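Take a look at the structure below.
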Amino acid sequence: MSHLGGIADDFTGATDLATNLAGRGFDVVVVTEHGLEAIEQDSALRARLSGYEAVVVALKTRTAPVPAAVGASLRALSALRSLGAERIYDKYCSTFDSTDDGNIGPILDALASELDADRTVVVPSFPDNGRIVRDGILLVNGIRLEDSSMRTHPLTPMTRSRVAELLRPQSARTITEIHTATVDAGAVALTEAIAASDAEYLVIDAASDRHLATIAEATSDAPLISGGSGLALGLTPRTPRSADPMTVTVGRPIVLAGSASSATQGQVRHAMQRMPHRKVDVRALATDPAGELEAVVAWAVEQPEDGPVLVYAVAHPSDVIASVDAATSVEHLLSALAARLSGDGFGFTRFVVAGGETSGAVVSALGIDQLVIGPRIAPGVCWASGTRGRNGTAVNVALKSGNFGAEDLFSTAWKDLHL
């Protein structure tokens, strides 16, 4: 019986959560949205997955239409319940990426209703990556969310910083805040404050791992918790980790960077000085996507085999793609590129992927149903292994949220694969 079931709104968020759970000693596996049908139909698979201390489902619901996002989340909840999950962790981005329509609020409402959760904590903080909540305000690397680069995000522009104000338009449920002084008073005081509140959602300050541990202890009996992956750093498994190690492949390595975030731009520029690189030609992609794909495939195959190569969309602010359609086309190109390079005898089996939407598209294109978690590369980023289809090629993937990781991540990630 699984102790914990995670529902993540994108693929990088799923491996982000799984990375932190594994770091706490959980046996954890990530199941992609394509693996849900197998769980529903295969009793042997359910029995095997039930042996994990934690199972995290990776969805693509962050910017999906609300009905689709809610439906996919409830389907994931049903699958996790079939594995015997005793608690549910609703994982969303630590910068609370959403609009006034959702999807954080609608998904949380649906899960809380289904689980009869009368009070649920809201904890986006992830101090290791510079995201903290103080006095109800979400800060990113010391500045208010609304003043960060997230203000100009093309899909979820964040123009407010108070978490309750971000959530309130998305939910009919009542919301309150619990500030640092109560958290500093310890788990007993926080438990009492939660129990005494009439609100259904409680935004709780957290500026350190100690705060996260206090919140985790105070909510240890809650059927539903919600937040970024940071809250996992306070959780404790019932049994020590004993999962089989991640498979390490021996094929060619490549970086696929679809994210336009400032962190990824810096990582791209750093990598450009150290490895062969090619920028996606957005104009060619608009007029001849098949031709652009073939051109990038041919370029990648021709590069030296003794190190990683880089295919990217944005290296400088002037490269940022203003059109959502163009960004989607880049996502489709990079996912199709991964599928081609890992097949057709080209031998690419190691992928670092930057960007939540790009990561979801790449894993889907590779036909991966499950990911076994491996070594941590950076806070919220790890290597994982999966198989292309039921009997296909083994691949390693590192799925990186656009805003995560140090500048040299694209160059240094490979050491954990002994490259």
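A short reminder: the numbers here are calculations on the coordinates, not readings from a lab. All of these numbers come straight from a predicted model, not from anything done at the bench. All Cβ positions, glycine included, derive from the backbone under ideal geometry; neighbour counts span all protein chains shown.
Have a look at the DSSP beta bridges in the chain and tell me what percent are antiparallel, nearest 5. Kindly include the intermediate steps, with their values, before the conclusion.
Values: 22 of 68 bridges.
Bridges in the chain are about 30 percent antiparallel.
How much mean residue ellipticity at 222 nm does the chain get from its helices, if each DSSP H run of length 4 or more adds -39500 (n - 2.57) and you divide by all residues, to the nearest 500 deg cm²/dmol?
Theoretical 222 nm ellipticity from helices: -10500 deg cm²/dmol.
Let me have the relative contact order for the chain, percent, based on Cα pairs under 8 Å that are six or more residues apart. Mind dumping the intermediate values first?
On the way: 951 pairs, mean separation 80.7, N = 419.
Value for the chain: 19 percent.
With charges set only on the Cβ (+1 for Lys and Arg, -1 for Asp and Glu), what does the dipole of the stretch 6-137 come to about its Cα centre, in debye to the nearest 20?
On the way: 12 positive and 20 negative charges, 56 e Å.
Dipole about the Cα centre, nearest 20: 280 debye.
With unit charges on the beta carbons (Lys and Arg positive, Asp and Glu negative) and the dipole taken about the Cα centre of the chain, which residue among Ala218, His179, Ala313 sits farthest to the positive side?
Ala313
Would you mind checking which residues have amide H under 5 Å from Val309's amide H? H placed 1.01 Å from N; only 5 or more apart, or other chain.
Residues meeting the criterion, in which the H sits 1.01 Å from N, are Ile254, Val255.
Please list, in order along the stretch 9-15, the HN-Hα scalar couplings obtained from phi with the Karplus expression 6.51 cos²θ - 1.76 cosθ + 1.60 (θ = phi - 60°), rounded to whole Hz, x for Gly and Pro.
Karplus-based 3J(HN,Hα) across the stretch 9-15 equals 8, 7, 6, 5, x, 5, 6 Hz.
Taking amide H positions as placed 1.01 Å from N in the peptide plane, with prolines and chain starts having none, which residues 5 or more places from Thr99, or on another chain, fall under 5 Å of its amide H?
Distant-sequence amide H within range of Thr99: Ile104.
Work out the length of the dipole vector of the stretch 4-234 about its Cα centre, built from +1 on the beta-carbon of each Lys and Arg and -1 on the beta-carbon of each Asp and Glu, and round it to the nearest 20 debye.
360 debye
Which of rounded, prolate or oblate describes the chain when judged by the alpha-carbon gyration tensor and an a/c cut-off of 1.5?
On the way: a/c = 1.80, a/b = 1.43, b/c = 1.26.
Taking the square roots of the gyration eigenvalues as a ≥ b ≥ c, the chain is prolate.
Using each residue's phi in the stretch 338-344, evaluate 6.51 cos²θ - 1.76 cosθ + 1.60 at θ = phi - 60° and report the 3J(HN,Hα) Karplus result to the nearest Hz, with x for Gly and Pro.
After applying 6.51 cos²θ - 1.76 cosθ + 1.60, I find 4, 4, 5, 6, 7, x, 6 Hz.
Could you put Leu256, Leu366 in order, starting from the residue whose Cβ has the fewest other Cβ atoms within 10 Å?
Numbers: Leu256 29, Leu366 23.
Starting with the residue having the fewest Cβ neighbours, the order is Leu366, Leu256.
Along the charge dipole of the chain, which of Val70, Leu166, Gly405 sits closest to the positive end, that is, farthest toward it, with unit charges on the beta carbon of Lys, Arg, Asp and Glu (+1, +1, -1, -1)?
Gly405
Sorting Lys91, Lys60, Lys400 on the 10 Å Cβ count, fewest up front, what's the list?
Fewest-to-most ranking of Lys91, Lys60, Lys400: Lys60, Lys91, Lys400.
Compute the Cα gyration tensor for the stretch 252-417, then decide on rounded, prolate or oblate, letting a ≥ b ≥ c be the square roots of its eigenvalues: rounded whenever a/c is under 1.5, prolate when a/b is larger than b/c in the other cases, and oblate in all that remain.
On the way: a/c = 1.40, a/b = 1.12, b/c = 1.25.
Since a/c stays below 1.5, the shape of the stretch 252-417 is classed as rounded.
Write down the percent of antiparallel bridges among all DSSP beta bridges whose residues are both part of the stretch 252-417, to the nearest 5. Show your work: numbers first, answer last.
Working: 9 of 27 bridges.
DSSP beta bridges in the stretch 252-417 are roughly 35 percent antiparallel.
Read phi for every residue in the stretch 160-170 and hand back ³J(HN,Hα) as whole Hz from Karplus 6.51 cos²θ - 1.76 cosθ + 1.60, θ = phi - 60°, with x for Gly and Pro.
Once rounded to whole Hz, the list reads 9, 10, 7, 4, 4, 6, 6, 7, 4, x, 8.
Taking the Cα centre of the chain as origin, work out the dipole magnitude from +1 charges on Lys and Arg Cβ and -1 charges on Asp and Glu Cβ, in debye rounded to 20. Before the final figure, lay out the partial values.
Details: 34 positive and 49 negative charges, 152 e Å.
Dipole of the chain, to the nearest 20 debye: 740 debye.
Of all beta bridges DSSP finds with both residues in the stretch 4-234, what is the antiparallel percent, to the nearest 5? Don't jump to the answer; show the numbers that get you there.
Numbers: 10 of 38 bridges.
Of those bridges, close to 25 percent are antiparallel.
With a cut-off of 8 Å between alpha carbons and a minimum separation of six or more residues, what is the relative contact order of the stretch 4-234 in percent? Working shown, then result.
Values: 490 pairs, mean separation 55.6, N = 231.
After rounding, I find 24 percent.
For the stretch 326-367 and the stretch 106-159, compute the distance between their C-alpha centroids and round to whole Å.
28 Å
Gaussian network model of the chain, Cα springs within a sub-10 Å range: biggest mean-square fluctuation belongs to which of Pro154, Pro304, Pro289?
Maximum fluctuation in the GNM of the chain, among the listed residues, is at Pro304.
Sort Ile7, Ile225 so that the residue with the fewest other Cβ atoms within 10 Å of its own Cβ comes first and the one with the most comes last. Working shown, then result.
Working: Ile7 30, Ile225 25.
In increasing order of surrounding Cβ atoms, one gets Ile225, Ile7.
Cut-off 10 angstrom, C-alpha nodes, Gaussian network model of the chain. Which of Pro276, Pro240, Pro375 fluctuates the most?
Among Pro276, Pro240, Pro375, the largest GNM mean-square fluctuation belongs to Pro240.
Mind running the shape call on the stretch 159-242? Use the C-alpha gyration tensor, a ≥ b ≥ c as the square roots of the eigenvalues: rounded below 1.5 for a/c, prolate if a/b tops b/c, oblate otherwise.
Verdict is prolate for the stretch 159-242.
Between Ser226, Ser94, Ser43, find the one with the highest GNM mean-square fluctuation for the chain; connect C-alpha pairs within less than 10 Å.
Taking springs between Cα atoms under 10 Å, the residue moving most is Ser43.
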